[in-house]
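Working notes for the structure below.
The values are calculated or read from the model by the stated rules, or taken from the named source; none is laboratory data. Bear in mind that the values here come from a model prediction, so they are computed numbers and not experimental data. Methodologically, a virtual Cβ is constructed for each residue, glycine included, from the backbone with ideal geometry; neighbour enumeration extends over all protein chains shown.
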Amino acid sequence: MTELIITEKPSSAEKVAFALADTKPAKKKNKQCSYYELKHNNKNIIVTSAVGHLYGLAEKNKDGWGYPVFEVAWTPTYLTSKESTYVKDYIDTISMLAAKADDFTIACDYDIEGEVIGLNVIRFACKKKDSNRMKFSTLTKGDLVEAYENKSKHLDWGQANAGETRHKLDWFYGINLSRALTSSVKAAGSFKVMSIGRVQGPALHMLVEKEKEVQAFKPEPFWRLSFQGKYKSSPLEAWHKEDKIFDEAKVKKILAKIKNEKEALIQDVNKAIRNQSPPTPFNLTDLQSESYALFKITPKETLAIAQSLYLAGVTSYPRTSSQQLDPKLGFKKILSDLAKQSHYQHLAQELLKEKELKPNNGNKTDPAHPAIYPTGHVPGNLKPRDQRVYDLIVKSFMATFAKPAVRETMTVTFDVKGEQFITKGTRTLEENWHKFYKPYLKVEDITLPEMKKDEKAHIIKIEKHDEETQPPARYNQSSIIKELEKRNLGTKATRAEILDTLFRRGYAEGVKITVTQLGMETDKILEKYAPTIVDEKLTADFEEDMEKIREGKQKPEAVLEKAKKFLTHLLTDFKKKEKLIGKEIIVSIRETSDAANYMGHCPNCKEGKLMVRRGKFGRFVGCDKYPECKTIFNIPKAGPIKFTGNMDEKTKMPIVEVGMGRTRRIVTLMQHEDANAPHKKKYPEEGMLCPHCKEGKMILRKSFYGEFLGCDKYPKCQTMMKIHEGKVDVKNPVVKEVGKPVEKKPESDGKKVEEKKSEGKAKEGKKK
């Protein structure tokens, strides 16, 4: 009897094989796919893998951009995507191995997506209706052996049905609504692929509401009062008890009352000691939020890193909502293993001295997986970003078991001629969990001198601070993920991808997330013509239906039929107004494009706008008053470019932001000189005869990387001379024949070169 075990990814197949094998498993290959043959308790087992989703939903009868469409079928992804051609080898391998097997076990990640992957593999590649199911949270040998020995005899049909229904509903909403928007643009005489979906809609609307809040905000002036002084030899700063005073007349009255005072009476001294609880264990959202706050690693990147750490066997399954750790995980064993790593030895040993290890569990749970935790296994060579996230997981895990930190707050109230001023100080009395979470915890201690009631402090100066109220804080990639979770929009696995899609489609941008004109208009159009799509209630009802399906309390067919009826009614009405809707979208597309391409006002003509343009030789920045104004700036050939809103103080040229993330840099644009303008020689070599073509003259040119001399017969002749430290390198001109790679012209006598050519021809003649 032979059992076929199928995992979600090749790396997990290897771990399952080595965990179960009585002796070293035999690794074999079919095409590019690896599989393992082994014995477990003398039973023949074959372990192979998928590569994520081998099957995806596709329209049964493709009919251009027509909508609504609901006839879909699970189809091998290699038939629908050019990027997925490799998938065929995996399906063929699984089908080949299935023919040899009598028993089948799915060992994909234990979540809804993993269940859908396993279901499709079993019914389409293996031609079976059901299989055994392994359930685990880490890829460690102990967990995998236990999962195998205690495997269930059936797939988790609740998860499978809920997952399949979710896929179909997301397809119904995403494809039909995106087609409707795209078709409306086509109907209005233009073309742009538009995108919206069941979760995208409410997520975009949430960002738009915040944008409207920020734009509608009107700052209001207020004033704050403080005094700087001394208590004995210690400096002091205290603030008026009314933190924000919005009545300027009142401020003036207080100042007139106290302006000449030199002493402040200590009216009250209050000390309060409180316990600061350790952090709760990480779920995915908490990890994503903390990783972005500390390292500026995006939620999408954090998920990818956490997934790779899980596949390496050093952390648990990352796609979890839980903030709880079960004692069954074996905390002492994990800490003992962590103690073997020099980085964590001291801290882990300190925790192991405790009689009881009890984590500070949070409220959120997950039926499938615990919170994220380290397995204790020593990681191999991790990339710097992966190492940071791993260290964060380990430090947070240890901190959850530590005692609360003890903090003391001291509040001192001063009386200055009847006006109360307050100063506060905070200090840590007992670090406890703080020392486990270093360096990721930023705690500022402000220690005040010991003061007593009825004593006096000396006032050095009294100050009035003119301030104004600030607009609501925009979402960043951390806060938006938390808000999506709070509103139950999307799943723990999809929220980062939803945000990424909004950016890719041009609906949102920036570190502090702003909504583009296109995003604003798309939301406005949807709210006007299809308001339900941007309403959070749709998604809330949807998630409720998914949970009922998972629990077996709702039939998938009923949920799908409800969605079909709703979309048919909505899109029938939408189709009647296609052209009108398309015109509105086109206007917003142009406005968004203009805003993205704007690089400031022209420094020369003072009237035009500098815009990113495309020409024969790539993109550049030019004045929109061309041909009256011929101002041109060279810019990098690729990568995002954004005007910062500032001009260089010396050159008065625009300052732009080039690239994103780690490649981001701030650059001052360099103006390209007009060839027809009078030119004063900067280098004596300017105007010399081109050493290569002997026709053109070498003239001064500028690129994004600086100055150089280039032949004026460009592009026919592409000879150039580099300029280094103010000197032209005449001896080593760089020559590029059109259609040939760049090569340096040899520093040899012309006659010698001709001699070599002659020798070459002579040799060729002899061969002939």
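Restricting to region 69-103, what's the tally of residues that are part of a strand (DSSP E or B) and farther than 18 Å from ILE175 by Cα? Total satisfying the criteria: 2.
Hey, does region 490-498 have a residue that's part of a loop (DSSP other than H, G, I, E, B) and among the polar types (S, T, N, Q)? Write out each step before concluding.
Filtering region 490-498 for residues part of a loop (DSSP other than H, G, I, E, B) gives 490-494.
From what is left, the residues that are among the polar types (S, T, N, Q) are 491, 494.
So far as region 490-498 goes, yes, one or more of its residues are part of a loop (DSSP other than H, G, I, E, B) and among the polar types (S, T, N, Q).
Scoring ARG504 on the criteria (1) closer than 30 Å to GLY114 by Cα; (2) basic (Lys, Arg); (3) touching an Asp or Glu at 6+ places or on another chain (Cβ under 9 Å) leaves a single failure, condition (3).
Candidates are the residues of region 689-711 that are touching a residue at least 12 places away in the same chain (Cβ under 8 Å) and outside any strand (DSSP E or B); the one that is surrounded by the most Cβ atoms within 10 Å (Cβ to Cβ) is CYS690. Could you tell me which residue of region 712-741 is modelled with the lowest pLDDT, considering only residues that are surrounded by fewer than 17 Cβ atoms within 10 Å (Cβ to Cβ) and assigned to a strand (DSSP E or B)? Per the stated criteria, the residue is HIS724. In a residue-by-residue description of region 673-684, the property of being surrounded by 13 or more Cβ atoms within 10 Å (Cβ to Cβ), in contact with a strand residue (DSSP E or B) (Cβ under 6 Å, 6 or more places away or on another chain) and at pLDDT 85 or above applies to at least one position. SER291 meets each of the listed conditions (1) closer than 14 Å to PRO374 by Cα; (2) modelled with pLDDT of 95 or more apart from (1).
Scanning region 403-429 for residues that are assigned to a strand (DSSP E or B) and charged (D, E, K, R) yields ARG407, GLU408, ASP415, GLU419, LYS424, ARG427. From the list GLU83, GLU115, the lone residue that is surrounded by 21 or more Cβ atoms within 10 Å (Cβ to Cβ) and within 33 Å of the chain's Cα centre (by Cα) is GLU115.
Checked against (1) within 36 Å of the chain's Cα centre (by Cα); (2) over 26 Å from ARG123 (Cα atoms), ASN41 meets all criteria but (1).
Take ALA473 and tell me if it is of a type in the set (A, V, I, L, M, F, W, C), under 28 Å from PHE217 (Cβ atoms) and exposed (fewer than 13 other Cβ atoms within 10 Å of the Cβ).
Values: of a type in the set (A, V, I, L, M, F, W, C): yes; under 28 Å from PHE217 (Cβ atoms): yes; exposed (fewer than 13 other Cβ atoms within 10 Å of the Cβ): yes.
Yes; evaluated as a whole, the condition is true for this residue.
Quick one: would you say GLY66 is in contact with a helix residue (DSSP H, G or I) (Cβ under 8 Å, 6 or more places away or on another chain), more than 23 Å from LEU311 (Cα to Cα) and part of a strand (DSSP E or B)?
Values: in contact with a helix residue (DSSP H, G or I) (Cβ under 8 Å, 6 or more places away or on another chain): yes; more than 23 Å from LEU311 (Cα to Cα): yes; part of a strand (DSSP E or B): no.
No: the conditions fail for GLY66.
The single condition among (1) part of a loop (DSSP other than H, G, I, E, B); (2) free of Cβ contacts under 8 Å to residues at least 40 places away in the same chain that GLN349 does not meet is (1).
Being among the β-branched types (Val, Ile, Thr) and within 30 Å of ALA238 (Cα to Cα) holds for only one residue in ILE462, ILE480, and it is ILE462.
Residues are listed down the side, and each one gets a yes or a no for (1) surrounded by fewer than 22 Cβ atoms within 10 Å (Cβ to Cβ); (2) farther than 15 Å from PHE436 by Cβ; (3) not assigned by TED's automatic domain parsing to the domain that holds LEU225:
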residue	(1), (2), (3)
GLN324	yes, yes, yes
SER336	yes, yes, yes
HIS346	yes, no, yes
TYR373	no, no, yes
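If you go through region 127-184, how many residues are assigned to a helix (DSSP H, G or I) and under 24 Å from TRP74 (Cβ atoms)? Going through region 127-184 one residue at a time, the tally reaches 23.
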